[in-house]
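Peer 1: Supplied in structure tokens, the structure appears directly below.
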Amino acid sequence: MASGGGGRQTPGSPRVLVVGGGIAGLGAAQRLCHYSAPPHLRVVEATARAGGRIRSERGFGGVVEVGAHWIHGPSQGNPVFQLAAAFGLLGEKELSEENQLVDTGGHLDLPSMCCTSSGTRVSPELVAEMASLFYGLIDQTREFLHVAKTPVPSVGEYLKKEIGQQVAHWTEDKETKKLKLAILNNFFNMECCISGTHSMDLVALAPFGEYTVLPGLDCTFSGGYQGLTNNIMASLPKDVMVFNKPVKTIHWNGSFQEAAFPGETFPVLVECDDGGRFPAHHVIITVPLGFLKEHQDTFFEPPLPAEKVEAIRKIGFGTNNKVFLEFEEPFWEPDCQFIRVVWEDTSPLQDTTSGLQDTWFKKLIGFLVLPFSKSVHVLCGFIAGLESEFMETLSDEEVLQSLTQVLRRVTGNPQLPAPKSVLRSCWHSTPYTRGSYSYVAVGSTGDDMDLLAQPLPADGTGPQLQVLFAGEATHRTFYSTTHGALLSGWREADRLMGLWDLKMQQSWPRL
Ligand SMILES: Cc1cc2nc3c(=O)[nH]c(=O)nc-3n(C[C@H](O)[C@H](O)[C@H](O)COP(=O)(O)OP(=O)(O)OC[C@H]3O[C@@H](n4cnc5c(N)ncnc54)[C@H](O)[C@@H]3O)c2cc1C
């Protein structure tokens, strides 16, 4: 067990509160516990568990990832990979040099089959041709990084403009051209899942290339991603974590006195929903951007400075959900790892404005075949945007019925047995998350993420570093990932320790 945090601190050591027990909050706590003069530390978490959007549940006789799925870019530069390796959570293949050197450019290419809404199969060659066109254009978006004025505001508009020009030169028959556009539409929906957005038209073009892809073939945790956060938590002193304690308001830039600390004053007082109060010198906020968007006007007293409020409003935060379906028997081939679903009447160049009730399932990109045991057959569907949020309002039975119809249609088998069971995430209705992850929306830039990360007070009107900000949405180049979140927690812990080091140096007598 690590020293510090709960017990070893000396009287008069600073009191630090971390709000949120996801990987950013746990990472900050882990770092602070290793400081030479550990602070008095508590991590207050609204729910009954640590991990936040890292959430592994028991299901189908194995482990199901309701939240984060892969380590993106598992190589030496990735702190999640390094920690997972140090905790012994990765297998030989994931740790291999060969795996770490693979450069996918962020585009996962799995052995797949591609089914259409009329029950036919698309040739792998045609899908590969469209993948090459689509990802070629995605890679081209990097040209606009740091360009003052882009031809169009969003990634979606750029892709559509370029595709529109290319279509004019396609020489195939009308049906093949339609199919090619429908496949491209599937790639657009897939990119929405990756960016956690409703539409690529909402994602800003100029800063898009700032998101950084690390080398390494994306890998998973055979025992569950949550093993990582559980291990970090186990390394903290026992009394650091406080569960089931939703924070209501952060009172800052004050002079608070509490009966339990006679004679002491604190610049920050954290008030919880249940009336609990935590006086502190420093608070590290790691709550998701979705929660901040919804509650920022009551979450801070005094309110946040106007530019921080604007940054919270401008940065995008959307929904990507998973739907797990268990089957008695597989209907896919043994080597198939992804079943792509293409709706033949769709095209990225045409807006469809029908009601969500009848069309929500068309946004689902397809299904990942999960590596369960030989006798357990589970698919994981991905769906982003408003359709995903609509799906959250439906019952499990309704989702199962709709997806059974979809699968019967795309396999061309009206007798296909319905899945045995369904399990799904509902990240938009999860009260302490309100969505899945952040993206740089039209009207915002990476500067807004940096602005969100700036500590308060910003103007030197009170004691330094009262309120610090971490969490995936505060990492300019690794936002939306677990490694971005972890690094942001470490960054804020380092910021605090830097302040204490400075104070310590200043208090040393001059020789
Ligand atoms: C469906 C899905 C798939 C994903 N897939 C991947 C992937 O494959 N790879 C990857 O790298 N990333 C993935 N991510 C993103 C990744 O999970 C997140 O970026 C990361 O886990 C965020 O960590 P965090 O600590 O910033 O926030 P969180 O994990 O959300 O932690 C914040 C914590 O704050 C708590 N909280 C909120 N409000 C309060 C309050 N008022 N008081 C007290 N506590 C509060 C919450 O309960 C939560 O525990 C995925 C996310 C989702 C939703």
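All of the numbers you see were taken from the coordinates with simple rules; none came from a lab. Since the structure is predicted, the reported quantities are computational estimates derived from the model, not experimental observations. Cβ atoms come from the backbone with ideal geometry, glycine included; neighbour counts cover every protein chain shown.
Peer 1: Starting from the Cα-Cα distance between Arg49 and Ala260, subtract it from 0.36 nm times their residue separation and give me the gain in nm to one decimal.
Peer 2: Working: separation 211, 0.36 × 211 = 75.96 nm, distance 2.78 nm.
Once the chain is fully extended between Arg49 and Ala260, it gains 73.2 nm.
Peer 1: Considering the Cα trace of region 91-170, what is its radius of gyration and what is Dmax, both in angstroms?
Peer 2: For region 91-170, the Cα-based Rg and Dmax read 17.1, 49 Å.
Peer 1: About the Cα centre, and with charges only on the beta carbon of Lys, Arg (+1) and Asp, Glu (-1), how big is the dipole of region 123-162? Nearest 20 debye, please.
Peer 2: I would put it at about 240 debye.
Peer 1: Once fully extended, how much extra length lies between Gln401 and Ala168, figured as 0.36 nm per residue of separation less the alpha-carbon to alpha-carbon distance?
Peer 2: Length gained, Gln401 through Ala168: 79.9 nm.
Peer 1: Let me ask something else. From the P(r) of region 453-511, can you give the percent of Cα pairs sitting at distances over 18 Å?
Peer 2: Cα-Cα pairs of region 453-511 separated by over 18 Å account for 46 percent.
Peer 1: Please report, in debye to the nearest 20, how large the charge dipole of region 149-199 is about its Cα centre when each Lys and Arg carries +1 at its beta carbon and each Asp and Glu carries -1 there. Before the final figure, lay out the partial values.
Peer 2: Numbers: 7 positive and 6 negative charges, 26 e Å.
The dipole of region 149-199 has a size of about 120 debye.
Peer 1: Moving to a separate point now. Return a single number: how many Lys pairs in region 295-397, at a sequence separation of 8 or more or on separate chains, have alpha-carbon atoms below 29 angstrom apart. The partial results should precede the final answer.
Peer 2: Numbers: Lys314/Lys322; Lys314/Lys362; Lys314/Lys363; Lys322/Lys362; Lys322/Lys363; Lys322/Lys374.
Number of lysine pairs found: 6.
Peer 1: Moving to a separate point now. Mind running the shape call on the chain? Use the C-alpha gyration tensor, a ≥ b ≥ c as the square roots of the eigenvalues: rounded below 1.5 for a/c, prolate if a/b tops b/c, oblate otherwise.
Peer 2: Prolate is the answer for the chain, as a/c is 1.5 or above and a/b outweighs b/c.
Peer 1: Just want the answer: with Cβ charges of +1 for Lys and Arg and -1 for Asp and Glu, which residue in Ala280, Leu184, Thr359 is farthest toward the dipole's positive end in the chain?
Peer 2: Looking along the dipole axis, the top candidate is Ala280.
Peer 1: Moving on to the next point. Sorting check: for 63-74, 391-402, which peptide has the highest mean count of neighbouring beta carbons within 10 Å, and how do the rest follow?
Peer 2: Those peptides, ordered most packed to least, come out 63-74, 391-402.
Peer 1: How big is the Kirkwood radius of region 1-137, worked out from every pair of different alpha carbons and given in Å to one decimal?
Peer 2: Every distinct Cα pair counted, the radius reaches 19.2 Å.
Peer 1: Continuing with the same structure: Which Cα, out of Leu496, Gly443, Ile383, lies furthest along the positive dipole direction of region 346-502 (beta carbon charges, K/R +1, D/E -1)?
Peer 2: Checking the options against the dipole of region 346-502, the answer is Ile383.
Peer 1: Roughly how compact is region 58-116, stated as its Cα Rg over 2.2 N^0.38 Å to two decimals?
Peer 2: 1.36
Peer 1: What share of Cα pairs, in percent, lie more than 21 angstrom apart in region 399-497?
Peer 2: Within region 399-497, distances greater than 21 Å cover 57 percent of Cα pairs.
Peer 1: Shifting gears a bit: If you place +1 on the Cβ of every Lys and Arg and -1 on the Cβ of every Asp and Glu, how big does the dipole about the Cα centre of the chain come out, in debye to the nearest 20?
Peer 2: 1000
Peer 1: Glu125 to Val102: FRET efficiency via 1/(1 + (r/R0)^6), r the Cβ-Cβ distance, R0 22 Å, to the nearest 0.05? Write down the numbers at each step before the final one.
Peer 2: Values: r = 23 Å, r/R0 = 1.05.
According to the calculation, E is roughly 0.45.
Peer 1: Using packing as a proxy for protection, rank 149-162, 433-446, 250-263 so that the peptide with the highest average count of other Cβ atoms within 10 Å comes first.
Peer 2: Ranking the peptides 149-162, 433-446, 250-263 by packing returns 433-446, 149-162, 250-263.
Peer 1: Moving on to the next point. What percent of all Cα-Cα pairs in region 189-273 falls into each 10 Å bin, going from 0 up to the bin containing the maximum distance?
Peer 2: 12, 19, 23, 28, 15, 4
Peer 1: Rg and Dmax in Å for region 334-492, alpha carbons only: what are they?
Peer 2: 20.9, 70
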